[in-house]
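> The structure is given below, and queries will be raised subsequently.
The values are calculated or read from the model by the stated rules, or taken from the named source; none is laboratory data. Quick caveat: nothing in here was measured; it's all calculated off a predicted structure. So basically every Cβ, Gly included, is an ideal-geometry build from the backbone, and we count neighbours across all protein chains shown. Quick note on the areas: whole protein, heavy atoms, side chains included, nothing else; ligands and nucleic acids left out. Shrake-Rupley method; radii C 1.70, N 1.55, O 1.52, S 1.80 Å.
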Amino acid sequence: MDKNRSGRKLTFAFCTFNRAERLPNLVASMRMQTCSIPFEILAIDNNSDDDTHSVLERISKLPGPKLRYAHEPNQGIVAARNRAIAESLDSDILVFIDDDELPQPGLLQAAVDAIINEGAECVGGRIDIDFRTLARPNWLSDELLGFLGALDHGNSAFWIEDASTPIWAGNIAYDMNLFRNTPELRFDKRFDRKGKTIGGGEDLIMFNQLLKSKHKIRYRPDMVILHAIEAWRLKKEYFIKIHYLAGYRGALNDFPEYNRAIFGVPPFLIVQSIKQTHKWLMQLLKTGSGLRQAMNISYTAGQIIGCLFIWKMNKSRATTIQSD
């Protein structure tokens with residue numbers, strides 16, 4: 001990007017569904033940001049059926065950077081994020097946060113600096129879990145915080161070269177030339193998340209796509225947000241379920257067709273499941289705790305069920321063709 005900042009514009013966007021009560025504080029925090037180029041705030045209302053529309057209408061009239069909003073009738077985070085891209089094509093930078101987050105001072109300026117001065121095409125930052133209103137359970141180790149969206153790659157900025165240091169769409173900025181120059185580059189609807197459901201993975205797929213295409217991706221520790229966690233996510237069952245869904249969706253979307261399979265399930269998954277279960281039982285006997293290993297079992301179970309589903313669908317399709 002040209003380093004002359006005159007005439008530039010940044011869009012600071014969030015997608016929201018049925019969180020009307022959070023929006024005044026969220027938008028107020030977004031308006032408190034400062035950066036060296038003008039910015040607007042964009043809200044994508046993903047077909048909410050609470051007071052989201054009236055709240056957005058009211059707070060759009062308050063002083064500060066302009067808030068505009070669009071209604072996206074197609075339910076799902078992928079449709080909402082892609083609508084935000086479409087609404088921001090005349091901007092130079094698009095910054096995403098989520099509706100359950102609060103930006104910390106300096107976030108926008110760090111994003112602008114990374115893209116305009118350092119030449120990044122995509123930049124992400126730190127995500128801290130907000131435990132100010134909900135107590136952190138004793139069993140919730142630092143290792144597990146990442147599954148709640150936490151992200152911390154250290155205190156130094158660096159160029160991301162591989163998948164070991166991902167960044168999430170809850171705190172990310174894009175040079176909009178990425179999307180203007182590549183119209184097919186959008187969030188993948190196969191990894192969608194609708195309403196209050198869990199799972200998804202659309203941001204990881206986008207990250208991997210940019211990484212594979214050798215785009216310049218930057219991590220900036222001074223891009224920081226606080227991520228609020230709802231009480232239902234601070235349960236062990238949540239961690240089990242998200243791993244099951246990740247395995248299931250991965251099998252549906254990414255698995256090749258294996259030559260050796262039992263009802264569509266490759267034998268290595270069965271062996272893997274047995275080994276993981278044995279390891280989990282040993283951990284339970286020794287420590288009385290085995291949540292992390294149970295998550296691995298759940299992931300593999302999701303893959304197995306996904307393979308069975310594909311096998312069943314293919315068999316049904318073949319039967320239909322034969323009957324025709």
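> Taking a 22 Å limit on the Cα-Cα distance, which of the listed pairs Lys236/Lys279; Lys189/Lys275; Lys241/Lys275; Lys9/Lys61; Lys189/Lys235; Lys241/Lys286 fall beyond it?
Long pairs (Cα-Cα over 22 Å): Lys189/Lys275; Lys189/Lys235; Lys241/Lys286.
> Oh, and also: Please give the peptides 295-302, 98-105, 170-177, 252-259 ranked by average Cβ packing (other Cβ atoms within 10 Å per residue), highest first, as a rough proxy for protection.
170-177, 295-302, 98-105, 252-259
> Right, another one. Give the calculated FRET efficiency between Asn208 and Lys61 to the nearest 0.05, with a Förster radius of 51 Å applied to their Cβ-Cβ distance.
After rounding to 0.05, the efficiency reads 0.80.
> Calculate, for the range 250-324, the solvent-accessible area per residue in square angstrom, rolling a 1.4 angstrom probe over the heavy atoms of the protein chains.
Details: 5150 Å² over 75 residues.
On a per-residue basis, 69 Å².
> I would also like to ask the following. Amide H neighbours of Gly106 under 5 Å, counting only residues 5+ apart in sequence or on other chains, H built in-plane at 1.01 Å?
Those lying under 5 Å, H to H, from Gly106 are Thr34.
> So which trypsin sites (Lys or Arg not before Pro) in the range 154-260 pass both tests, a DSSP loop state and at most 13 other Cβ atoms within 10 Å of the Cβ?
Listed in order of number, the matching sites are Lys196, Lys214, Lys235, Arg260.
> Right, another one. How large a share of the accessible area of the range 138-278, in percent, is made up of carbon and sulfur atoms when the probe is 1.4 Å and the other protein chains stay in place?
Here carbon and sulfur together make up 54 percent of the probe-accessible area.
> In whole Hz, with x marking every Gly and Pro, tabulate ³J(HN,Hα) for the range 14-23 from phi via Karplus 6.51 cos²θ - 1.76 cosθ + 1.60, θ = phi - 60°.
9, 9, 9, 9, 6, 10, 4, 5, 8, 5
> Using only the alpha-carbon atoms, how far is helix 236-254 inclined from the longest principal axis of the chain? Give it as 0 to 90 degrees, nearest 10.
With both axes taken from Cα atoms, the answer is about 80 degrees.
> Follow-up question, since we're still on this one. Could you give the nm distance between label points at Leu291 and Asp50, where each point is 7 Å from its Cα heading toward the beta carbon?
The answer from the label model is 2.6 nm.
> In nm, what is the difference between 0.36 nm times the number of residues separating Arg186 and Asp162 and their Cα-Cα distance?
6.6 nm
> Quick query: amide H of Phe158 versus all other amide H atoms, modeled in the peptide plane; which residues come in under 5 Å with a sequence gap of 5 or more or a different chain?
Tyr219
> Next question. Taking H as built 1.01 Å from N, whose amide H comes closer than 5 Å to the amide H of Ile229, not counting residues under 5 places away?
Here Asp130 satisfy the definition.
> Can you put Trp168, Trp232 in order of accessible area, largest first, using a 1.4 Å probe?
Solvent-accessible surface, decreasing: Trp232, Trp168.
> Determine, from the Cβ-Cβ distance of Asn155 and Thr133 and an R0 of 35 Å, the FRET efficiency 1/(1 + (r/R0)^6), rounded to the nearest 0.05.
0.85
> Another question, if that's okay. Separation between the Ala86 and Leu148 pseudo-spin-labels, each 7 Å from Cα along Cα→Cβ, expressed in nm?
Reported label-point gap for Ala86 and Leu148 is 3.5 nm.
> Considering only C-alpha atoms, what is the centroid distance from the range 105-135 to the range 74-88, in Å?
Cα centres, the range 105-135 to the range 74-88: 21 Å.
> From the phi of every residue in the range 177-186, what ³J(HN,Hα) in whole Hz does the Karplus formula 6.51 cos²θ - 1.76 cosθ + 1.60 yield, where θ is phi - 60° and glycine or proline is x?
Using θ = phi - 60°, the values come out as 4, 3, 8, 5, 7, 10, x, 7, 7, 8 Hz.
> So, by mean Cβ neighbours within 10 angstrom, what's the order for 267-274, 117-124, 30-37 with the highest one leading?
Working: 267-274: 13.9, 117-124: 20.1, 30-37: 17.2.
Averaged packing, sorted descending, gives the order 117-124, 30-37, 267-274.
> Considering only DSSP beta bridges where both residues belong to the chain, give the percentage that are antiparallel (nearest 5). Don't skip to the end; give the middle numbers.
Numbers: 15 of 42 bridges.
Percentage antiparallel, nearest 5: 35.
> Right, something else. Give me a comma-separated list of calculated 3J(HN,Hα) values for the range 41-55, in order, Karplus coefficients 6.51, -1.76, 1.60 applied at θ = phi - 60°, integers in Hz, x for any Gly or Pro.
Each residue's phi maps through the Karplus curve to give 10, 10, 10, 9, 7, 8, 6, 5, 10, 9, 8, 3, 4, 5, 5 Hz.
> OK, next. Calculate, for the range 55-189, the solvent-accessible area per residue in square angstrom, rolling a 1.4 angstrom probe over the heavy atoms of the protein chains.
On a per-residue basis, the range 55-189 sits at 43 Å².
> Sorting check: for 49-56, 137-144, which peptide has the highest mean count of neighbouring beta carbons within 10 Å, and how do the rest follow?
Peptide ranking by packing, descending: 49-56, 137-144.
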